[in-house]
Amino acid sequence: MEGYFSDAGLFLVDTVLGLYTLIVLLRFMLQLTRADFYNPLSQFIVKVTNPPLARLRRIVPGLWGIDLAAIILLLVLESLRLSLTTFMFGHTPRLAGVLILSIGELLKLAVYVVIFSIFVRALLSWVSTGVHHPMAHLLNSFTEPLLAPARRLLPATGGVDLSPIIIFIALTLVLKLLVQPLLDVGRMLL
């Protein structure tokens, strides 16, 4: 019976902290790319993440247009999630392992968010009815800063946009060459 409760607790910790971490990460990434702030989805993300960020910003100022309070909140949330799940497995986590693993997991999540966003944008471009949806506008304003430089690298292909393929390849390399080594080192030190 105890195994059922620990499994349910692990699920709750992973789900609740994981979802909130995703929402805070989305806010940070939308700010970073200067995506449409007045979009209804953006406004929802701002309202949900504002309480802890407003308090944290009193202590941690931004730097060069980067929201350091959001980065610290992300690290705290992911470290808490990893520490709690490690405790639930009966181990005592080490701080260095938790921090490195948190950075790796956050980078991995950010890469997956970008890949998913570009993929959904490409799918919506095939279906003209989704172009006027607020989600489509937000995806365009979020992904365009990434796709525009890739378009400049490619020759004109007669109406077919191959820039997502370049971004997918670059992000896969980031996952393999940067994120995976961080995750491996973090797991070793955990």
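We did not get these values from a lab; they are worked out from the coordinates using the rules stated. Quick caveat, the model's predicted, so the values are computed rather than measured. Note that each Cβ is placed from the backbone with ideal geometry, even for glycine, and that neighbours are counted across all protein chains shown.
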In the list (i) 142; (ii) 121; (iii) 155, the entry giving volume of the Cα convex hull per residue in Å³ computed from the coordinates is (iii)
If R0 = 45 Å, then LEU41 and THR92, at their Cβ-Cβ distance, give a FRET efficiency to the nearest 0.05 of 0.70
In deg cm²/dmol, rounded to the nearest 500, the helical mean residue ellipticity at 222 nm of the chain, built from -39500 (n - 2.57) for every DSSP H run of length 4 or more, is -26000 deg cm²/dmol
Listed with the fewest Cβ neighbours within 10 Å leading, MET88, MET29, MET188 appear as MET188, MET88, MET29
The relative contact order of the chain, taking Cα pairs under 8 Å that sit 6 or more residues apart, comes to a percentage of 27 percent
Candidate span helices, the chain: DSSP H, at least 20 Å along axis from Cα coords, Kyte-Doolittle average at least 1.0, result 2-32, 68-88, 95-126
When SER83, SER141 are arranged by how many other beta-carbons sit within 10 Å of their Cβ, fewest first, they go SER141, SER83
